[in-house]
1. Taking amide H positions as placed in the peptide plane 1.01 Å from N, state which residues far from His44 in sequence (5 or more) or on other chains have amide H under 5 Å from it.
2. Taking K and R as +1 and D and E as -1, what net charge do the other residues with C-beta under 14 Å from the C-beta of Gly93 add up to?
3. Taking segment 1-104, how much of its Cα-Cα pair set, in percent, is spaced more than 25 angstrom apart?
Amino acid sequence: MAIAEGSIEVQASADAAYARFANLESFPSFMRDVIEVRRLDDQHMLWIEEVDGRRQQWHAEVVDARPGERFAWQSTGPFPRHAGTATFSEQDGRTSVQLQVEVEPEGGPDDRGGGTRAAVEEQVHDALRQFKRLVEGHPHARGELSDTLSAHDSVQGEGRPGPGGGA
């Protein structure tokens, strides 16, 4: 099981950042390896990813949705196990977005493909940088970042014991 966490500040309100994040269909524009997230109903979704050249799909459910504050999901099947929590905290017109992701690959605990802690940390940090571009209105979230990250912007992260780091 690999757990990674990171945070970034975006120039948007917490409500606007949450709304963009909770639009699950936009995940492929900022989350590497995600090909599609299809909302099946208010609480359930189908994820399609390609990790290390292997396409996999899995179902997940929304476990916490508090507009402007927190969005969390978790997979509903045995493997791959995937859970994530995004929290939004606004101050002075900027919002801190914290993302934590927990992954156990399709092959279970012994499958290292795409599920190492370093790989998940890289995915979380990349997702946050791309999300910043998307929420701040840059036309191509997956483009170059140097023109949008200023000296006070950083992507920070460290491992935590579980999704969301608590309440």
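We did not get these values from a lab; they are worked out from the coordinates using the rules stated. In this text, all values refer to a predicted model and were calculated from it rather than measured experimentally. Methodologically, a virtual Cβ is constructed for each residue, glycine included, from the backbone with ideal geometry; neighbour enumeration extends over all protein chains shown.
1. Answer set, sorted by chain and number: Val62.
2. -4
3. When all Cα pairs of segment 1-104 are counted, 18 percent exceed 25 Å.
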